[in-house]
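Trainee: Provided herewith is a single structure, encoded as structure tokens, for subsequent inquiry.
Each reported figure results from applying straightforward, stated rules to the coordinates on display, with no laboratory input. What you see is a predicted model, and the numbers here were worked out from it, not measured in a lab. Cβ placement follows ideal geometry from the backbone for every residue including glycine, while neighbour counts extend to all protein chains displayed.
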Amino acid sequence: MLYPLLKTIHLLGIVAWVGGMFFAHVCLRPALAGFDAPVRLEVMGATLRRFFLVVAIAATLVVATGVALIARASIAQWRAGIPFTMAVDWYVMTIIGFVMVGVFVHIRLVLWRRMKRAVDAGDWPSGARALASIRRAVLVNLVLGVVVIVVTRFSGAA
């Protein structure tokens, strides 16, 4: 019973995180392109503030459930007297997952604060540059997230 719960939480966290990045990058950002910088930055700021809370929760759950799933497999093999060796796709998922968390932390603690300071000061050009930096970092994480999904789908880990 524990495995399906862990796997479900893990997958839902990934869906929220990667799906949210896809929506923001492919749908919301282009829709706001025609608006003046103050409107665009205010809307993106309000959206990202909420989304970053979702990502913080999702990333925490994804890491926690990922570690729990690996630990569960390790313990099961240890109990069976089999040395635990993690599959290559698990290593790929784990490494990329931690890189994604690192990118998110950079976005949230550095780039987001830079954008917020600029918007609060009415410095729209600096805010736009900070938002462009966020966009590039989100694109990196979106690509990494899609790679993880593809790896899990075609490796048998799904």
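Trainee: In contact with a helix residue (DSSP H, G or I) (Cβ under 7 Å, 6 or more places away or on another chain), hydrophobic (A, V, I, L, M, F, W, C) and closer than 17 Å to GLY19 by Cβ: which single residue out of ALA68, ALA58, ALA137 fits that description?
Mentor: Step by step, each of ALA68, ALA58, ALA137 is checked, and only ALA58 is in contact with a helix residue (DSSP H, G or I) (Cβ under 7 Å, 6 or more places away or on another chain), hydrophobic (A, V, I, L, M, F, W, C) and closer than 17 Å to GLY19 by Cβ.
Trainee: Another question about this same structure. Could you please tell me which pairs satisfy a Cβ distance under 8 Å, a separation of 6+ or placement on different chains, a first residue in region 21-49 that is free of Cβ contacts under 8 Å to residues at least 40 places away in the same chain and polar (S, T, N, Q), and a second residue that is surrounded by 13 or more Cβ atoms within 10 Å (Cβ to Cβ) and in a helix (DSSP H, G or I)?
Mentor: THR47/ALA24; THR47/LEU28
Trainee: Let me ask something additional. Filtering region 50-98 down to residues that are touching a residue at least 60 places away in the same chain (Cβ under 8 Å) and aromatic (Phe, Trp, Tyr), which residue is nearest to ASP120 (Cα to Cα)?
Mentor: PHE52
Trainee: Among what's in region 104-126 and is among the aliphatic types (A, V, I, L, M) and surrounded by fewer than 16 Cβ atoms within 10 Å (Cβ to Cβ), pick the residue that is farthest from ALA37 (Cα to Cα).
Mentor: In this case the residue turns out to be VAL105.
Trainee: From the residues in region 129-142 that are buried (at least 18 other Cβ atoms within 10 Å of the Cβ) and more than 15 Å from the chain's Cα centre (by Cα), which one is farthest from THR47 (Cα to Cα)?
Mentor: ALA130
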